[in-house]
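For reference, the structure discussed in these notes is given below.
Rule-based calculations on the coordinates, nothing more; no lab input. Predicted, not measured: the structure shown is a model, and the values here were computed from it. Counting neighbours? That spans all protein chains shown, and the Cβs are built from the backbone with ideal geometry, glycine included.
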Amino acid sequence: MNIMVTGGAGFIGTNLIKRLLRDGHTIISVDNYDSGLKNNEQTGAAYVAADITDIVRLTSIKVDLCYHLAALSRIQPSFKNPSETFRVNVKGTEAVAEWCRINNTKLVYAGSSSRWHNPYQSPYAMYKHLGEEVLKMYRTIYKTNFEIARFYNVYGPHEIVDGDWAAVIGIWRRQVRDGLPITIVGDGEQRRDFTHVDDIVDGLVRIGMYDEHHTDAWELGTGMNYSINEVYEMFKQHFGAEKVHIADQPGNYRQTLRENDDSLTRLNWKPSDKLREYINSL
């Protein structure tokens, strides 16, 4: 199968491309390398350096399936630059949707578990929500084959460690590397459904390859969660790291937890809790 991965040089995109190449597919990545890394490029895949809003110019590329992972993917940076977050996460998604409609390509969109929280809490949450709404509009009007997958707190190999786009596990890895105390936002009792990227990738493959259609979205989370304080204890046991609490941040949800079991029952997806094992492997 010919498959496009937008954001293919990023964290999840790199892991997805590795799996798709192993499965024998022909892969093309579209990435502007804003947060994606050249070092993530995989032998056997083709990489196009382009902004996602320019996908309409890729007229010579024909694929059967497109995984749309390209996005500005963190809550806190979205407060600093809401306009760029809107451009990438909404206009970029609309551009990909239109390209897939024109080319009769199946689309799998990387949504977010932030959908289950108040979208007015952050530009990121609102614009990922609007991305979903764009695709649902296309499904309704144009009868397109578009699927939505909502990710829950992804971690694992190739996760971002440096810069604004790092998530909590990546941030803590950097702090340990640099000999700094681990920062815990607020009281640390907020709970997160941490999902290993291998499980996310397996869910994406099943959504892309199976002929199953969801009227809303596929929820890709383990179905269990840990408090941030509990995760810190795992880091402390492994690294001996100290901690420091910092002020709570806007858009900081109290809990994420997979909302339903549709992906398990309909896709036979079987995620597992790998968090402690992963931390101990670092």
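Points worth noting:
- Volume of the Cα convex hull of region 2-281, divided per residue and given in Å³: 121
- The dipole here belongs to region 193-250: it is taken about the Cα centre, uses +1 on the Cβ of Lys and Arg and -1 on the Cβ of Asp and Glu, and is about 300 debye.
- Cβ crowding within 10 Å averaged over residues, with 4-16, 267-279 ranked highest first: 4-16, 267-279
- Mean Cβ neighbour count within 10 Å, used as a protection proxy, ranking 211-223, 62-74, 170-182 highest first: 62-74, 211-223, 170-182
- Percentage of interatomic Cα-Cα distances in region 64-118 larger than 19 Å: 34
- Each Lys and Arg adds +1 at its Cβ and each Asp and Glu adds -1 at its Cβ; summed about the Cα centre, the chain shows a dipole of about 280 debye.
- From its DSSP helices (H runs of at least four residues, each -39,500 (n - 2.57)), the chain gives a residue-normalised ellipticity at 222 nm of -11000 deg cm²/dmol.
- Dipole-positive endmost among Tyr232, His25, Leu180 within the chain (Cβ charges, Cα centre): His25
- What separates the Cα centres of region 1-52 and region 118-168 is a distance of 18 Å.
- For the peptides 92-100, 39-47, 229-237, the ranking by packing is 92-100, 229-237, 39-47, with the highest mean count of neighbouring Cβ atoms within 10 Å listed first.
- Seen against the Cα atoms of the chain and their longest principal axis, helix 197-209 is set at about 20 degrees.
- Angle in degrees between helix 123-142 and the longest Cα principal axis of the chain, rounded to the nearest 10: 20
- The coefficient of translational diffusion for region 96-240, derived via Stokes-Einstein from the alpha carbon Kirkwood radius under 10 °C and 1.306 mPa s, stands at 93 µm²/s.
- Fraction of antiparallel bridges per DSSP, the chain only, in percent to nearest 5: 5
- Counting other Cβ atoms within 10 Å as a rough exposure proxy, the listed residues Tyr155, Tyr33 run Tyr33, Tyr155 from fewest neighbours to most.
- Taking 0.36 nm per residue of sequence separation and removing the Cα-Cα distance, the Asn104/Asp54 pair yields an extension gain of 16.2 nm.
- Angle in degrees between helix 168-177 and the longest Cα principal axis of the chain, rounded to the nearest 10: 50
- Shown is the FRET efficiency for Tyr120 and Lys270, computed with R0 = 25 Å from the Cβ-Cβ distance and rounded to the nearest 0.05: 0.10.
- Between Met224 and Tyr142, the simple spin-label model (points 7 angstrom out along Cα→Cβ) gives 4.2 nm.
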